[in-house]
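I have placed the structure first, in the form of structure tokens, so that the comments after it can refer back to it.
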Amino acid sequence: MFNSFRMSMGWVHTWLGLVLGFVLMICFFFGALSVFDREIDRWAIPDTRFEPQPMPSFDEVLKPVFDELKPHPTDMAATQQRVIGDLPDPDTMPLKSLYAYTTHRDPVLRIGGEFGIPNEPKDPADDHLHVHGWATVNPTTGETLSDSALKIGSDWFYPMHFNLHLRWNMLGYWIVGVAALVLLAALVTGVIIHRKLFREFFTFRPWKHVLRSSLDLHNVTGVVALPFHFFFAFTALVIFATNIYLPLSHTTLKPLHEQHEKLEAERTGLPHEESGEAAPLASVDAMVAEAKRRWAERDMPGEVGYLFMDHIGDENSYVSIYRAGSDRVALVGEGIHFKASTGEVIREEPPRSVVASIDEFLTGLHLQHFEHWMLRWLYVFGGLLGAICIATGFILFVEKRKARHAKAGSQGSRIVDAMAVTTVTGMVIAAVSMLVANRILPADLAGKGQWEQTVFWWAWGLAFLHAAWRSSPVAKARVNPAWREQSWVLAALSLLAVVMNWVTTGDHLIKTLFTDTYWAVAGVDLSLIATALIAMLVARKLGAKATETVKPKRGKSAQHNKQVNAYD
Amino acid sequence: MIEAGWLIAAVVSTMLSMGWFALCYQSHWKQVFPGHAGGPNTFLLKLLGRGFLLLSAVCCLAADHPSMAALVWIMLLAVAAMTVAMLLSRRPQWLRLICPSFFADKG
């Protein structure tokens, strides 16, 4: 079928990259945004624009909040589907376990808990039946903040990059998983295609024909960030491997699940079941102080990242306190567990094994909870390089074939080009439109978050229709004007978002940068302005090119032709 | 503050290192010195490139926990390589700043 192994690898690289490239664009772009998801949340929810706080006092601030916590109506409805008979009144459900979670970037605290119910499950295998409740808390006052506002960064952009918001049968997770696997294959085949890997580290010739210059940019962005692309594709698979892709513990080993939990409880000394005897709660603040003292003794002083309490109100209740992993790649850890009724230490987790440390490192490097602003920006850079690599791959595909397709009357290039416009400029337009909608829609609008999501999907859908409608020149071997037009739209929307933030909150850049510095909002505004400037520059360049007479150029060297043909 | 100093040193040394590695190639050397008759002194440039690459790794390790330093260093390589590629495409003459005349092979 092919003349050489390299040619066959070129075929794999091209076609797998094209088919899953559209998904990978979403993963890279929204993954890059997710690095600053909490900051985007602050921009989108002005009521939460205050400085990040460490975990507040449990005894004074959090306990009253948990006393008021109720089962969430959404989870009530979901649980009702799984049980026999009506659920009891939510006010009568006892809180069985609770958690509080924060990071160095969170001004607000996420809390939640599980409420016990007496109902039997419809499916006997459906164990651990609870109704969940959750809330967002201002840790300085203990005031519960409205949870109706959509956290655009952490609840929309972030999940988009790993599940595409396709939750039916976890379809989105599977599509992204296949895309990650394909990315690994594309990286390996890409390396095989490019024999002069190191020379391409520094080669970008924008003055050459678009086919050559886009191949240069595709190579350079693929090669310089090769370790980043590889590690992120690999760790994405590692993170979901045990829960979703190879869920042995939920399938083959499920019959042993209960027994495993009991053995684990015996090993750790953390009770698996309630004793049935009521017991009061000792001071959790004292337990936190003891945990901090022990971390400092191990030469790793730190703050609490995660607090968990199980079997609340029972003699067997225990409190688990985990250290925030702000200063290292690993996530929360170094857990210390206390008997809730007395405050005595039940267990201090030993140092991790080598395997557990590697797992923590791989997971942590992807989820990046660390407090290292430079590395966070380097991650954004890596993510955008990935997006550029794929976008130039699309351009390369179209440019290589459009003249041939035009001659043969094929619509192939036209379709790919329209899809490329939709997943490059169209996707960014959708994201920025959502931010504009967030600032234009009134804060007290019922279902505001739902409206924002609708705007996102509509903006993206319209971008697709526009790209498809304007794509007819591609079938005649010319450039799709939708690239230029959507770049102008993107520039306008990005500037509008900055202006609307100023108008609706009073937080303009002079204030957030100089007079009342608040980097989370300033950073989002500056990024929007940078997006607008780049989009304008691109639109102007494309406009200038459109007026030029396009003359097809032949590659000068045999090597040039060979390399380009490797993508055929 | 000291950490920031180490990180700035790491950025500078990675940039220098990648600049020298790029200049080892005849094609990039010609971009930077279009009228120059000779070629690059590849031995010296590679030596400097490797030395400063090592130095940048040391700076990263001085600034952060080793697990974090490894990530910073790898990502800095990408940024530096991309920056040098962009300089070569737009402002190649700027790379003369890191390449005095004795870096050239007399050829």
About its Cα centre, how strong a charge dipole does the range B:2-100 have in debye, to the nearest 20, once Lys and Arg get +1 and Asp and Glu get -1 at the Cβ?
-> 440 debye
Relative to chain A, whose Cα atoms define the longest principal axis, helix A:519-547 and its Cα axis are tilted in degrees, nearest 10, by 20 degrees
Averaged over the residues of A:369-376, the number of partner chain Cβ atoms within 10 Å of each residue's own Cβ comes to 4
In straight Cα distance, which aspartates and glutamates are under 14 Å from residue A:407, not counting same-chain residues fewer than 8 positions off?
-> A:399
Would you give the gap between the C-alpha center of the range A:105-156 and the C-alpha center of the range A:241-306, rounded to a whole Å?
-> 19 Å
Among A:300, A:441, A:333, the residue whose Cα sits farthest towards the positive end of the charge dipole of chain A (+1 at Cβ of Lys and Arg, -1 at Cβ of Asp and Glu, taken about the Cα centre) is A:441
The range A:406-549 shape via C-alpha gyration tensor axes, a/c threshold 1.5 | oblate
Are any of the pairs A:402/A:545; A:476/A:545; A:96/A:254 more than 21 Å apart by Cα-Cα distance, and if so, which?
-> A:96/A:254
Selection from A:108, A:390, A:214 lying farthest towards where the dipole of the protein assembly as shown points positive, charges on Cβ | A:214
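Is it possible to state the helix-based mean residue ellipticity at 222 nm for the protein assembly as shown, with each DSSP H run of 4+ residues giving -39500 (n - 2.57), the sum divided by total residues, to the nearest 500 deg cm²/dmol? What is it?
Value at 222 nm, helices only: -18500 deg cm²/dmol.
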Longest principal axis of chain A (C-alpha) makes with the long axis of helix A:257-268 (C-alpha) an angle, in degrees to the nearest 10, of 60 degrees
When we measure straight from the Cα of residue A:122, which aspartates and glutamates land under 15 angstrom away, once same-chain ones fewer than 8 places off are left out?
-> A:86
Which of the pairs A:541/B:30; A:63/A:151; A:262/A:292; A:70/A:151; A:511/A:541; A:208/B:30 have their Cα atoms more than 23 Å apart in this structure?
-> A:541/B:30; A:63/A:151; A:262/A:292; A:511/A:541
Could you size up the charge dipole of the protein assembly as shown around its Cα centre, putting +1 on the beta carbon of Lys and Arg and -1 on that of Asp and Glu, and report it in debye to the nearest 20?
-> 6580 debye
Once all protein chains are kept in place, residue A:306 shows an accessible area at probe 1.4 Å, nearest 10 Å², of 70 Å²
Can you tell me the Rg and the Dmax, both Å, for the Cα atoms in the protein assembly as shown?
-> 28.0, 91
Round to the nearest 10 and give me the degree value, 0 to 90, for the angle of helix A:373-408's Cα axis relative to the longest principal axis of chain A.
-> 40 degrees
Under the classification rounded if a/c is under 1.5, otherwise prolate if a/b is larger than b/c and oblate if not, where does chain B fall, given a ≥ b ≥ c as square roots of the Cα gyration tensor eigenvalues?
-> prolate
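The values are calculated or read from the model by the stated rules, or taken from the named source; none is laboratory data. Nothing here was measured: the structure is a model prediction, and the numbers come from that model. Neighbour counts run over all protein chains shown; Cβ positions are idealised from the backbone, glycine included. Side chains included, ligands, DNA and RNA excluded: accessible areas come from the protein's heavy atoms. Shrake-Rupley method; radii C 1.70, N 1.55, O 1.52, S 1.80 Å.
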